[in-house]
Amino acid sequence: MRYLAAIGWILFLPLLSATAGPKVDLSLELDHGYYLSEQQNLIYLKATIKSMVETDLENQILVNLALVVDRSGSMAGAAIIHTRKALVETLNSLSNRDVVSLITYGSTVDAVIEAHRLDGLSNRNILIQQIEAEGGTAQYEALNVAAAQLRRFLNPDSINRIFFNRRSGDYRST
């Protein structure tokens, strides 16, 4: 049996289904144009969801997002490279008014970006590129740090979410 390792940071399904209904544009992109059928392939899928509804930026709901990213030893190589790219694209897709925190975990937990509005984070891409795979998986502590970061800007009128990324085992198993 073949497995598909999807690194599509589909963060906005609750937002789009609540406000835009069926007016969304979904595009899917694979990391390669073709794959060999007689061998196991590690496949990455990028999913992009865009609202086709005009939004009034002044009244736009603020997104308060805590990204929790696995940087354990199992993420070494292509996985961490694709994860960094997905993080940059995710942050670039948000509004400057949105609040983001980025927590990484391996053997230790690091708040790479503490909860902050994006318009004040000019060095975010540099911080993301410095993420390296190492160590074990301190998942529970990472979720606690993410929850604390989310609470800093918690607002009932905002979309408050934790996105948890974890790689488990070898996706290339048969």
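The values are calculated or read from the model by the stated rules, or taken from the named source; none is laboratory data. Owing to the predicted nature of the structure, the values given are computational and were not obtained by experimental measurement. Here the Cβ is made from the backbone with ideal geometry for all residues, glycine too, and neighbour counts use every protein chain on show.
Values computed for the structure shown
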{"item": "Matching entry among Ile131, Ile126, Ile113 (being at pLDDT 90 or above and more than 17 Å from Asn165 (Cβ to Cβ))", "result": "Ile126"}
{"item": "Flag for Asn59 being modelled with pLDDT of 80 or more and not hydrophobic (A, V, I, L, M, F, W, C)", "result": "no"}
{"item": "Qualifying position, being over 17 Å from Leu87 (Cα atoms) and among the β-branched types (Val, Ile, Thr), among Thr108, Thr104", "result": "Thr108"}
{"item": "Members of the stretch 88-109 that are under 23 Å from Ser72 (Cβ atoms) and surrounded by fewer than 17 Cβ atoms within 10 Å (Cβ to Cβ)", "result": "Val88, Glu89, Ser107, Thr108"}
{"item": "Residue that is farthest from Val112 (Cα to Cα) [pool: residues in the stretch 131-157 that are surrounded by 17 or more Cβ atoms within 10 Å (Cβ to Cβ) and polar (S, T, N, Q)]", "result": "Thr137"}
{"item": "Asn64 touching a residue at least 40 places away in the same chain (Cβ under 8 Å), of a type outside the set (A, V, I, L, M) and either buried (at least 16 other Cβ atoms within 10 Å of the Cβ) or assigned to a helix (DSSP H, G or I) (or both)", "result": "yes"}
{"item": "Pair list, Cβ < 7 Å and 6+ apart or interchain, from the stretch 92-110 residues that are in a strand (DSSP E or B) to residues that are hydroxyl-bearing (Ser, Thr, Tyr)", "result": "Tyr105/Thr137; Asp110/Thr104"}
{"item": "Per-region count, the stretch 112-167, residues free of Cβ contacts under 8 Å to residues at least 40 places away in the same chain, among the small types (Gly, Ala, Ser) and either closer than 17 Å to His82 by Cβ or assigned to a helix (DSSP H, G or I) (or both)", "result": "2"}
{"item": "Matching residues, the stretch 81-112, being aliphatic (A, V, I, L, M) and over 17 Å from Gln139 (Cα atoms)", "result": "Ile81, Ala86, Leu87, Val88, Leu91, Leu94, Val99, Val100"}
